[in-house]
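Below is one structure; the comments refer to it alone.
The values are calculated or read from the model by the stated rules, or taken from the named source; none is laboratory data. Worth saying up front: this structure is predicted, and the values here are computed from it rather than measured. Cβ placement follows ideal geometry from the backbone for every residue including glycine, while neighbour counts extend to all protein chains displayed.
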Amino acid sequence: MEKETDHILIEAKNLKKHFPILGGIFSKPVQWVKAVNGISLNIKRGETVGLVGESGCGKSTTGRLILRLIEPTSGEVVFKGKDIFELSKNEIRSLRRDMQIVFQDPYSSLNPRMTVGGIVGEPLEIHHIAKGQEKRELVKSLLNKVGLMPEHMNRYPHEFSGGQRQRVGIARAIALNPDFIVCDEPVSALDVSIQAQIINLLIALQEEYHLSYLMISHDLSVVKHISDRIAVMYHGIIVEIAEKEELYKNPLHPYTQTLLAAIPSPDPTIKKSKPKIKENEKDLDIFQRGCPFQNRCSFKMNQCMEDMPLLKEVDKEHWIACYLQ
Amino acid sequence: MNDFLLNIKNLKTYFYTSDGLGKAVDGISLSLKKGETLGIVGESGCGKTVTALSILKLIPDPPAKIVEGEILFEGRDILKLSDPEVREIRGNEISMIFQEPMTSLNPVFTIGNQISEVLTLHQGLKKKDAVDKSIEMLKLVGIPEAERRVNEYPHQLSGGMRQRVMIAIALACHPKILIADEPTTALDVTIQAQILELLLNLKKDFGTAVILITHDLGIIAETAQRVIVIYAGRVAEEAETKELFLNPQHPYTQELLKSIPKIESSQKKENRYLHEIKGAVPSIFQLPSGCKFHPRCPYVMDICKTQEPDLLKNGERHLARCWLLNKEYSNGKRNGSYLDRG
């Protein structure tokens, strides 16, 4: 029997990031915002894991931690057998070749004073992969891969539309032939008719390069389309994780159920039974104990106010953090 | 004819800029019945917001100018009214809520102040009565502890709460028409569901007609009775909601509906790719000749490149601006081939 761990490319273990709130005359931390509060997640080779949740739930922070773009408060991320937070500066540099990120906003994530050729070619130069004519040829083929023209090389980001800029961002991300890309809301800034183009490009690149994606988005239909497994985040923790069809057919956590019921469907013949969203409740005080969803949950029990529920496997590959199961 | 509350005829709003003439809205006609919810869908830059702002004469002049058209509200042409007369209508009989609830509320006044302002101005209420009415409105839109909240400033509220305040201001004078321009785009899905439900409930209570502007076809499908699809400053298609989603006639609508990922459908492994619309929305400064959608259209014909079609009828209340609806050109070319549905 083959070991499952053989396929795992990246694994986050109990990852935490707490940001200080400074106060008092000496600007000392008076309290901590637990942006990411104990996330464990693994991504297999060639797999796309979706990370969904509302704004402020910590999904982008999680993405950045997994790439070590920010330092964690505690926890580890094992990539190809090594904890990336233990790596030296030189080792980090080579790690960057294997992990990349595509940002949400193609307007602010590209340097306006660099040409597209410069933007896409920069990683090649920094990592001593190619320079001069060779680099230019590589950049041309990269632009071609993402559906741009070689003559776009000498243009500046402002000359492109949002969709084309996102293509430039993707070309830069795949330039070093990485194994893993974090896509942080890659299509949310784009027009509806452009979204499909970018999603298809990401899928095609994944098939060609056998990439693994962490797809961060608040748009559940986009995430559902592109992902293999989906993790739902709420207030710094993963409340449910499952294979996508399973998650959409059989959501077990009350928050996932609320979230799925809230999506408006573009099919007027479907009549959804809307579970009543609890109205007017205060959102959770971020310093409160217990389950983060307790204030909005219709099934709150005493236990929920005391301890935070831990993720447990209730069905094959279906994990939830809730005392109901 | 007279059951129409609002009737826009051939509205043209152009932008005169250093980049040239931008035809943001180029001949849009629409009508709204009492108590109806009309959805307007389109992508960014297609003229949805400019249409809405034109209705209330809120467009910045210069650079924009309404060059042609009529906006008949209860028989009176808003475009011909003087500024004080328009001010009488604005916020009183027609009011509007915007996408970004933070920037559309005044940060230096309490929310109580901002709701009372509408009431003292349009209904001549005394200050104390206006404050009482404000608290009542806040309760109506579901803000807890309204008595305390009325003295708070916008920054003390969450995004969803701010949008509720905007709705309270907009509905304070029981307007006949509420224009909601992307009211939930800045909000999370669960909050979005709450705000939409609130809007629909209030609509029922007050009998207000709503123009709901959005790029989200899901929101339209769940809330609107009739839909207008806008592309490049023109009405591309108009139909009742169910008809539009089940039997779209304009290739743009068809393509758009096909390209959005649907959450209900369980897709097969080999079918990972989404349907794509090639190209991008044209700039209002460089519109293509003929039909504005022809460079992206899968059914493009010679005539599309040179001549723009009129809104043609497909059934009693279904209009689409496409040559294929003209029998001369259709010759069985598109026999329902775009309908995925069995």
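Give the residue, chosen from A:176, A:142, that is away from every other protein chain (no Cβ under 14 Å), modelled with pLDDT of 90 or more and not in a loop (DSSP other than H, G, I, E, B).
Residue meeting the stated conditions: A:142.
Considering (1) at pLDDT below 90; (2) within 13 Å of the chain's Cα centre (by Cα); (3) not basic (Lys, Arg), say which one residue B:30 fails and leave the rest.
Exception for residue B:30: condition (1).
Hey, can you tell me all the residues within the range A:179-208 that are of a type outside the set (S, T, N, Q) and outside any helix (DSSP H, G or I)?
A:179, A:180, A:181, A:182, A:183, A:184, A:185, A:186, A:187, A:189, A:190, A:191
Restricting attention to the range A:209-226, does a residue exist that is assigned to a helix (DSSP H, G or I), more than 20 Å from residue B:260 (Cβ to Cβ) and either more than 13 Å from chain B (Cβ to nearest Cβ) or hydroxyl-bearing (Ser, Thr, Tyr) (or both)?
yes
Restricted to the range A:46-68, and to residues that are small (Gly, Ala, Ser) and within 14 Å of residue B:189 (Cβ to Cβ), which residue is modelled with the highest pLDDT?
At the first step, the residues of the range A:46-68 found to be small (Gly, Ala, Ser) are A:46, A:50, A:53, A:55-56, A:58, A:60, A:63.
Add one more test, that the residue is within 14 Å of residue B:189 (Cβ to Cβ), and what stays is A:53, A:55-56.
Numbers: A:53: 89, A:55: 82, A:56: 81.
So, considering only residues that are small (Gly, Ala, Ser) and within 14 Å of residue B:189 (Cβ to Cβ), the one modelled with the highest pLDDT is A:53.
Given the criterion surrounded by fewer than 20 Cβ atoms within 10 Å (Cβ to Cβ), on the phi > 0 side of the Ramachandran plot and charged (D, E, K, R), identify the matching residue among A:145, A:80, A:140, A:131.
The conditions single out A:80.
Would you check if there is a residue in the range B:7-30 being in a loop (DSSP other than H, G, I, E, B) and in contact with a strand residue (DSSP E or B) (Cβ under 8 Å, 6 or more places away or on another chain)?
There is no residue in the range B:7-30 that is in a loop (DSSP other than H, G, I, E, B) and in contact with a strand residue (DSSP E or B) (Cβ under 8 Å, 6 or more places away or on another chain).
Out of the range B:270-310, which residues are on the phi < 0 side of the Ramachandran plot, in a loop (DSSP other than H, G, I, E, B), away from chain A (no Cβ under 14 Å) and not aromatic (Phe, Trp, Tyr)?
B:287, B:288, B:289, B:291, B:300, B:301, B:307, B:308, B:309, B:310
I want to confirm something. Restricting to the range A:151-173 and keeping residues that are away from chain B (no Cβ under 13 Å) and under 19 Å from residue B:278 (Cα atoms), which single residue is surrounded by the most Cβ atoms within 10 Å (Cβ to Cβ)?
A:170
Given the options B:186, B:146, B:170, B:180, name the one that is without any contact (Cβ under 8 Å) to a residue 12 or more places away in the chain and either within 14 Å of another protein chain (Cβ to nearest Cβ) or within 17 Å of the chain's Cα centre (by Cα) (or both).
Numbers: B:186 fails: without any contact (Cβ under 8 Å) to a residue 12 or more places away in the chain; B:170 fails: without any contact (Cβ under 8 Å) to a residue 12 or more places away in the chain; B:180 fails: without any contact (Cβ under 8 Å) to a residue 12 or more places away in the chain.
When all the criteria are applied, what remains is B:146.
Residues that are modelled with pLDDT under 90, under 24 Å from the mean Cα position of the chain (by Cα) and assigned to a strand (DSSP E or B): does the range B:315-327 have at least one?
The answer is no; no qualifying residue exists.
Only one of these conditions is not met by residue A:191: (1) modelled with pLDDT of 90 or more; (2) more than 16 Å from residue A:102 (Cα to Cα); (3) at the interface with another protein chain (Cβ under 9 Å from one of its Cβ atoms). Which number is it?
Every listed condition holds for residue A:191 apart from (1).
What number of residues within the range A:91-114 are more than 25 Å from residue A:43 (Cβ to Cβ) and surrounded by fewer than 17 Cβ atoms within 10 Å (Cβ to Cβ)? Step through it out loud before you land on a result.
Residues of the range A:91-114 that are more than 25 Å from residue A:43 (Cβ to Cβ), as a first pass: A:107-108, A:110-114.
So of that shortlist, the ones also surrounded by fewer than 17 Cβ atoms within 10 Å (Cβ to Cβ) come out as A:107-108, A:111-114.
Of the residues in the range A:91-114, 6 are more than 25 Å from residue A:43 (Cβ to Cβ) and surrounded by fewer than 17 Cβ atoms within 10 Å (Cβ to Cβ).
Among what's in the range B:239-261 and is buried (at least 20 other Cβ atoms within 10 Å of the Cβ) and not in a helix (DSSP H, G or I), pick the residue that is nearest to the other protein chains (Cβ to nearest Cβ).
The residue in question is B:261.
Which one of these is more than 30 Å from residue A:262 (Cβ to Cβ) and surrounded by fewer than 24 Cβ atoms within 10 Å (Cβ to Cβ): A:189, A:204?
A:204
Those residues that are of a type in the set (Ser, Thr, Tyr) and on the phi < 0 side of the Ramachandran plot, I need them from the range A:17-55; list them, please.
Correct list: A:40, A:48, A:55.
Go through (1) under 30 Å from residue B:225 (Cα atoms); (2) away from chain A (no Cβ under 14 Å); (3) crowded, with 16+ Cβ neighbours inside 10 Å and name the single condition residue B:313 misses.
The one condition residue B:313 does not meet is (3).
Helices (runs of 4 or more DSSP H) wholly in the range B:133-238 with at least 2 residues that are of a type in the set (Gly, Ala, Ser) and under 29 Å from residue B:253 (Cβ atoms) - which ones?
Because the criterion is at least 2 residues that are of a type in the set (Gly, Ala, Ser) and under 29 Å from residue B:253 (Cβ atoms), the helices (runs of 4 or more DSSP H) in the range B:133-238 that meet it are B:217-223.
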